[in-house]
Amino acid sequence: MNWKRAAVGAFMGAGLIAGVVSPAAAAPHAPVADQARPQRLLIISLPDVVWGNLGITRLPNLNRLLDDSAIADLTTRAVRRSTKLGDGYITLGSGTRAIGDGVTDGNGFEVGEPFGRDSAGEVFQQRTGRTVTHGLVQLDLASILDKNGALLFDAKIGALGDALAAAKYSRAVIGNGDGDDPDTLTTGAPTRRRYAVNALMGSAGTVPAGSVGPELLQRDTNAPFGQRFDMQQVEQSFQAVWKPRSVVLVEASDLVRADVNRANATPARRNAQLRQALQRTDELVGRLLRHVNLKRDVVMVVGPANPKRAVGLTVAGLHAPGLSPGLLRSATTRRSGFVQLVDVAPTVLAQLGIDRPQSMEGRPFERGATGGSAADRRSFLIAANRAAVFRDERVGEAAAVFVIAQLALLVLTAWVLLRRTTSRARWLLAWFAVAVLGFVPAIYLARLLPFYRYGTVAYWAFVVLVSTVLAGLWMRVGRRNPLDALLGALGLTVAVLIVDVLAGAPLQLNSAFGYSPTVAGRFAGYGNLAFSALAASAVLLTALVAHRVGGRRGAWCGIAVLAVAMVADAMPFWGGDVGGVLSMVPTLAIMAWLLLGFRVRVRTAVAAAAAAVVAVVALGLLDLSRPADERTHLGRLFEQLGGGGESNASTTIHRKLASNLSTLFTSVWAWTVPIAVVVLIFMAYLVHSAPGRVVAVKAAIPEWRAGCIGLAVVAVLGFGLNDSGIAVPGVMLGVFLPVLVYVLVRVPDAETPVDDHVTATRAPRLPVPTP
């Protein structure tokens, strides 16, 4: 039968995805066997550097270190879309997303340095009441605490420094990114860029040792702002603090000045200064490694902030005893080749055998996939960054195109149905509706090709071509029975999304309707837009399969479709979607009740809600039973609750609700609200002015009512329980509207044209195959 061939075709088309292989999908390697803990840990900070920068000049010392390390793209996203250097270091030191004040959070000083008419130590005492006689102080501590106290992240400023101090480890920071243009020095105080102090300071705002003063700098007329590191002085400062049971952070501060000075330099000069800064950084790395025993010490390389010129993924590397080269991952990403800035502090503590504070949301780096040779690993990370940047540029375009398509479909539907047009016009409208449905899988299938190399025009040509070809295919499948076209279109979307998540979600990552590592909301499983497309498609497919198969067997077949989608979305090792579970379990229960011929009462809805809660608890316990480095955010939420972290859990829920509501005013998907209102008004108009067409649909597809109710339930719950807000029902409306338009114009025409005033008794029911 055609409907069987349509379903087989949909799943075979999606099966192509199973062949997609990427390092991200590989299983992590087993942890290294127990051994003596390292006594010293060096953090080399490379601000504003992405992997692609390391290939523009010769860097023998840095490249040798990284080639022998486990490496990854580092997501610097903290609170702001573009992470400033102060934000990056404060987040690094908190192990949780945090922020600086963006103005004076670079006011890290040596205690004895002059600050106005007093010393920095004296000013620090005036501001905090604490007396400090040595080391470094953060004079902007009060502002940093105030800023983060107003946020919904529960960041404990200085958590890393406090944990190291409690374990009797010394801490030191070396770095100075100061530099101003000559014309600004005559009009105000010099700018301080000693942000690195924020990384290892404790909650009291102090670091016991280190150097951040002007003694680290020397004049160089060819360098940005006429200053660069004095390498000999930096090396001496490092020697003084590099001792047993120590953690030292050294910032390659010449990179800070090169990035800040970009606005003042010509394009050619910018590139030259970046190369020079990288070369000096390589010299710095060589000098530091003279004093490091790579067989016993740990060396981390991190990029705490993205370049000012573009939001991207920075550099991360870990060289530790017993750790072989490969790709890094963490429990927060669950994807080889990607780690987060919040993971740095837990990694430092894990390498030294120190327990992670409950306040840290990050998890330690671990080695994941090998990723091939050193060159292969770098190529993968560079490509992933380029794909992420390309995706971020396409997100707004894709949402706008999808919303505009809904508007166009709505206008054309009104014109076709209200002007009593020909059957040919109605067929073309149905074809356009199916093409709009094809837009969703086309967006995901575009990830099969590296369009970040081919450009925007090629990308959109592919999406339009695939949508058009799919529309033609499904309309051909639906020639004998028009519902077969919808079975194929909806079945393909469901199949693409399920097969993709079973394969490790390669089509989700860096998809315009998926997620991006630069945003850092999710790295594995289903994103909120994918959940929305899957849920809406599966709900409507459930109703149509129930009708197409017919009888009680059809109802169970439809229920099975929705159940499979729900399982794929819910399982921690596949979709890992908490909001999806809470949304889809009640939807499945209510739809099953309706399709099996029972009435939905209040107690039915209550039982469905209770089933959703039970499902979440069961999945949370299942996730909690897995190894700590494999748990999803659901398992980590249960960790927080079990460890007395009710406050963190409450803050997370509060933050998600706030983010949810904010989308009503800031997202392009907010335009779907008036579209939904217009759809309701238009349907009411049809019921009043052209009842025959609406009645024909209801009589021909009795299961349609269950599908509409199920979609309403999952849309309302999806909006309330996911932090993407209006985007969730927006995508669902984008799936529902084409299906609605198609059945309005094709179902009444299936056997004979329907007059606008035909009665309910004359409405034909679509043929049901004989068992």
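The values are calculated or read from the model by the stated rules, or taken from the named source; none is laboratory data. In this text the structure is predicted, and so the values were computed from the model without any measurement. As a convention, Cβ positions derive from the backbone with ideal geometry for all residues, glycine included, and neighbour counts pool all protein chains shown. Heavy atoms of the whole protein, side chains included, go into the accessibility calculation; ligands, DNA and RNA do not. Shrake-Rupley method; radii C 1.70, N 1.55, O 1.52, S 1.80 Å.
Remark: pairs (first residue in the range 72-98, touching a residue at least 24 places away in the same chain (Cβ under 8 Å); second residue in a strand (DSSP E or B) and open to solvent by 20 Å² or more (accessible area, probe 1.4 Å); Cβ separation under 7 Å; 6+ apart in sequence or on different chains) = THR75/GLN340. When the range 48-58 is limited to residues that are part of a loop (DSSP other than H, G, I, E, B) and over 22 Å from the mean Cα position of the chain (by Cα), the one that is farthest from THR281 (Cα to Cα) turns out to be ILE56. Taken over the range 153-176, residues that are open to solvent by less than 30 Å² (accessible area, probe 1.4 Å) and over 27 Å from PRO214 (Cα atoms) amount to 5.
Among strands (runs of 3 or more DSSP E) entirely within the range 283-368, having at least 1 residues that are open to solvent by 40 Å² or more (accessible area, probe 1.4 Å) and modelled with pLDDT under 95 singles out no element at all.
Considering only residues that are of a type in the set (A, V, I, L, M, F, W, C) and either touching a His at 6+ places or on another chain (Cβ under 7 Å) or open to solvent by 40 Å² or more (accessible area, probe 1.4 Å) (or both), which ones fall in the range 108-152? Result: VAL111, PHE115, ALA142, LEU145, ALA150, LEU151, LEU152. Criterion first (hydrophobic (A, V, I, L, M, F, W, C) and touching a Phe, Trp or Tyr at 6+ places or on another chain (Cβ under 7 Å)) does LEU529 satisfy it? For LEU529, the condition - hydrophobic (A, V, I, L, M, F, W, C) and touching a Phe, Trp or Tyr at 6+ places or on another chain (Cβ under 7 Å) - is met. Only one of the numbered conditions (1) under 18 Å from LEU740 (Cβ atoms); (2) surrounded by fewer than 20 Cβ atoms within 10 Å (Cβ to Cβ); (3) of a type in the set (A, V, I, L, M) is not met by LEU486, and that is (2). Pick out the one residue from ALA560, ALA536 that is over 16 Å from VAL499 (Cα atoms), surrounded by fewer than 24 Cβ atoms within 10 Å (Cβ to Cβ) and among the aliphatic types (A, V, I, L, M). Exactly one residue qualifies, and that residue is ALA560.
Listed here are the residues, each with its yes/no results for (1) among the aromatic types (Phe, Trp, Tyr); (2) within 13 Å of PHE390 (Cβ to Cβ).
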position: ARG447; (1), (2): no, yes
position: PHE451; (1), (2): yes, yes
position: VAL469; (1), (2): no, no
position: GLY478; (1), (2): no, no
position: LEU483; (1), (2): no, no
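Filtering the range 699-750 down to residues that are part of a loop (DSSP other than H, G, I, E, B) and touching a Pro at 6+ places or on another chain (Cβ under 7 Å), which residue is surrounded by the fewest Cβ atoms within 10 Å (Cβ to Cβ)? Of everything passing the filter in the range 699-750, ALA750 is surrounded by the fewest Cβ atoms within 10 Å (Cβ to Cβ). In this structure, GLY472 does satisfy being among the small types (Gly, Ala, Ser), open to solvent by 10 Å² or more (accessible area, probe 1.4 Å) and assigned to a helix (DSSP H, G or I). Among the residues that make up the range 220-232, is at least one of them within 28 Å of ARG296 (Cα to Cα), of a type outside the set (Phe, Trp, Tyr) and in a helix (DSSP H, G or I)? Yes, the range 220-232 has at least one match.
Condition check ((1) out of contact with any strand residue (DSSP E or B) (no Cβ under 6 Å at 6 or more places or on another chain); (2) under 16 Å from GLY106 (Cα atoms); (3) in a helix (DSSP H, G or I); (4) not aromatic (Phe, Trp, Tyr)) across all residues:
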residue: GLN125; (1), (2), (3), (4): yes, no, yes, yes
residue: ARG130; (1), (2), (3), (4): yes, no, no, yes
residue: LEU145; (1), (2), (3), (4): yes, yes, yes, yes
residue: ALA155; (1), (2), (3), (4): yes, no, no, yes
residue: LYS168; (1), (2), (3), (4): yes, no, no, yes
residue: ALA172; (1), (2), (3), (4): no, no, no, yes
residue: GLY177; (1), (2), (3), (4): yes, yes, no, yes
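Within the range 488-547, the set of residues being under 28 Å from VAL477 (Cβ atoms) and either in contact with a strand residue (DSSP E or B) (Cβ under 7 Å, 6 or more places away or on another chain) or among the charged types (D, E, K, R) (or both) comprises ASP500, GLN508. When the range 61-98 is filtered for residues that are in a loop (DSSP other than H, G, I, E, B) and among the hydroxyl-bearing types (Ser, Thr, Tyr), the ones remaining, listed by number, are SER69, THR76, SER82, THR83, THR96.
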